Amino acid sequence: MDQPSAEIPKTTDRKWLRNYLPMWIGQAVSLLGSGLVQFALVWYLTDQTGSATVLAMATLVALLPQVFLGPFSGAVVDRLNRKAVMIVSDSLVALTTLALMVSFMMGSIQVWHIYLAMFLRSLFGTFQMPAMSASTTLMVPPEQYSRLGGVNQALYGVINIVSPPLGAALLAAFEIDAVLMVDIVTAMLAIGLLALLVKVPQPKRVDA
């Protein structure tokens with residue numbers, strides 16, 4: 001039977017915080033960027049079409065990957081390199097947003113382009129959070145799990161609260177293509193911090 005094996009950091013060893021903090025900061029910034037851009041896209045659709053059907057469809061396509069893949073994404077992540085999963089997920093989200101931004105700049109944007117982008121962004125994000133959560137259990141001392149869990153819950157709450165007004169403010173001040181750049185920049189920051197400063201333990205599977 002396969003059993004995962006990895007060294008758990010000790011609370012007395014503060015190296016775990018220096019290793020974990022860049023990943024936490026990068027992912028927090030990336031989540032904020034994604035959140036405000038997601039709201040900006042929904043607001044743009046609402047403003048341009050004035051259609052409740054379009055708004056409902058946008059919400060649906062963004063939720064579909066989470067509904068159908070969410071229950072299985074953790075199992076998939078456990079079989080892959082978790083650091084690579086986070087980097088690839090952020091990269092694909094950034095590329096998707098870049099393609100959408102180019103469509104806006106060229107004046108060729110269609111509603112279905114936004115649907116597709118929202119679907120793909122949600123799809124890639126479905127694997128990002130399980131990868132971070134699974135990595136956290138190997139990077140943080142067990143004694144800190146509850147404290148860090150509280151911090152993360154507070155972070156997600158703050159992001160959910162501030163993303164809509166920030167997205168609306170940016171959309172009021174800039175064109176939509178400029179607002180989309182926020183998602184690309186925050187994703188690049190998260191990728192850079194993760195790739196250069198963070199060592200993510202990968203459990204070794206051994207035969208028992």
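The values are calculated or read from the model by the stated rules, or taken from the named source; none is laboratory data. These numbers were taken from a predicted model, which means no experiment stands behind them. In this analysis, Cβ positions are derived from the backbone assuming ideal geometry, glycine residues included, and neighbour counts consider all displayed protein chains. Surface accessibility is based on the protein's heavy atoms, side chains included, excluding ligands, DNA and RNA. Shrake-Rupley method; radii C 1.70, N 1.55, O 1.52, S 1.80 Å.
Which of the residues that make up the range 70-86 are open to solvent by 70 Å² or more (accessible area, probe 1.4 Å), touching a residue at least 24 places away in the same chain (Cβ under 8 Å) and either in a helix (DSSP H, G or I) or touching a strand residue (DSSP E or B) at 6+ places or on another chain (Cβ under 9 Å) (or both)?
Scanning the range 70-86 gives a single hit, Asp78.
Please go through the range 91-147 and pick out each residue that is open to solvent by less than 60 Å² (accessible area, probe 1.4 Å), within 19 Å of Leu17 (Cβ to Cβ) and among the small types (Gly, Ala, Ser).
If the condition is that a residue be open to solvent by less than 60 Å² (accessible area, probe 1.4 Å), within 19 Å of Leu17 (Cβ to Cβ) and among the small types (Gly, Ala, Ser), then Ala134, Ser135 are the ones that fit.
Taking into account only those residues within the range 1-26 that are of a type in the set (S, T, N, Q) and assigned to a loop (DSSP other than H, G, I, E, B), which is modelled with the lowest pLDDT?
Thr12
Looking only at the range 64-90, filter to residues that are over 26 Å from Tyr20 (Cα atoms) and of a type in the set (A, V, I, L, M); which one of those is modelled with the highest pLDDT?
Leu64
Go through (1) in contact (Cβ under 8 Å) with a residue 12 or more places away in the chain; (2) under 21 Å from Tyr156 (Cβ atoms); (3) open to solvent by 50 Å² or more (accessible area, probe 1.4 Å) for Thr49 and report which single condition fails.
(2)
Say we look at the range 196-208 and pick out the residues that are surrounded by 14 or more Cβ atoms within 10 Å (Cβ to Cβ) and at pLDDT 90 or above; which of these is nearest to Tyr20 (Cα to Cα)?
Checking each candidate, the answer is Val198.
Which one of Val54, Val37, Val29, Val67 is over 18 Å from Leu166 (Cβ atoms), touching a residue at least 24 places away in the same chain (Cβ under 8 Å), among the hydrophobic types (A, V, I, L, M, F, W, C) and in a helix (DSSP H, G or I)? Spell out the reasoning first.
Details: Val37 fails: over 18 Å from Leu166 (Cβ atoms); Val29 fails: over 18 Å from Leu166 (Cβ atoms); Val67 fails: touching a residue at least 24 places away in the same chain (Cβ under 8 Å).
Within the list Val54, Val37, Val29, Val67, the selection yields Val54.
Can you spot a residue in the range 155-175 that is open to solvent by less than 30 Å² (accessible area, probe 1.4 Å), among the acidic types (Asp, Glu) and touching a residue at least 12 places away in the same chain (Cβ under 8 Å)?
No - not one qualifying residue is present in the range 155-175.
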